[in-house]
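K.L.:
Sharing a structure with you now.
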Amino acid sequence: MAGRRGALIVLEGVDRAGKSTQSRKLVATLCASGHRAELLRFPERSTEIGKLLSSYLEKKSEVEDHSNFSLDWCKQPDVGLPKPDLVVFLQLRLAEAATRGEFGRERYENGNFQERALRRFHQLMADKTLNWKMVDASKSIEDVHKEIHALSVDTIRAVTQRPLGELWK
């Protein structure tokens, strides 16, 4: 029999939807209730590749822009990575995202790109092999957190004896 494992939970959404805030809150709440939890960010801006990505996103450097490539092309580097047990999509109208602090500071924080990103997210959500859950990110920070926490605890309980899957295999 396989040993117990944790859950791989991913938070997604357009820029300024609250992913960082909610990720930190979720890890803190899970840890406080006795779960082992770790926050992994992408890009991790302290690594060498993360510094390059950060420089590009902050408009400090230029690299070839691949933002027009197909969704299948974009998924290829992730094939075979651990498959998330839960993907929480923080749903937020783009007009509301644009009113949140520091929107526009980074290269892709503009309406045109965010609209394209939102369309791609909806394409990804059509993949029924992934466990996508939508959460209304226009609610209060605490209400959004409560919903994410409930989904996460349910997922943790459900997957503890299941093997970890592989993404897009």
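Read-outs: derived from the displayed coordinates by stated rules, not from any lab. Because the structure is a prediction, the values reported are computed rather than measured. Every residue, glycine among them, receives a Cβ derived from its backbone with ideal geometry; neighbour counts consider all protein chains shown.
K.L.:
Near Gly6, within a Cβ-to-Cβ distance under 13 Å, what is the net charge of the other residues, with Lys and Arg +1 and Asp and Glu -1?
P.N.:
+3
K.L.:
Still on this structure, I have one more. Contour minus end-to-end for Glu96 and Met125, with contour as 0.36 nm per residue of separation and end-to-end as the Cα-Cα distance?
P.N.:
Taking Glu96 through Met125 to full extension adds about 8.3 nm, to one decimal.
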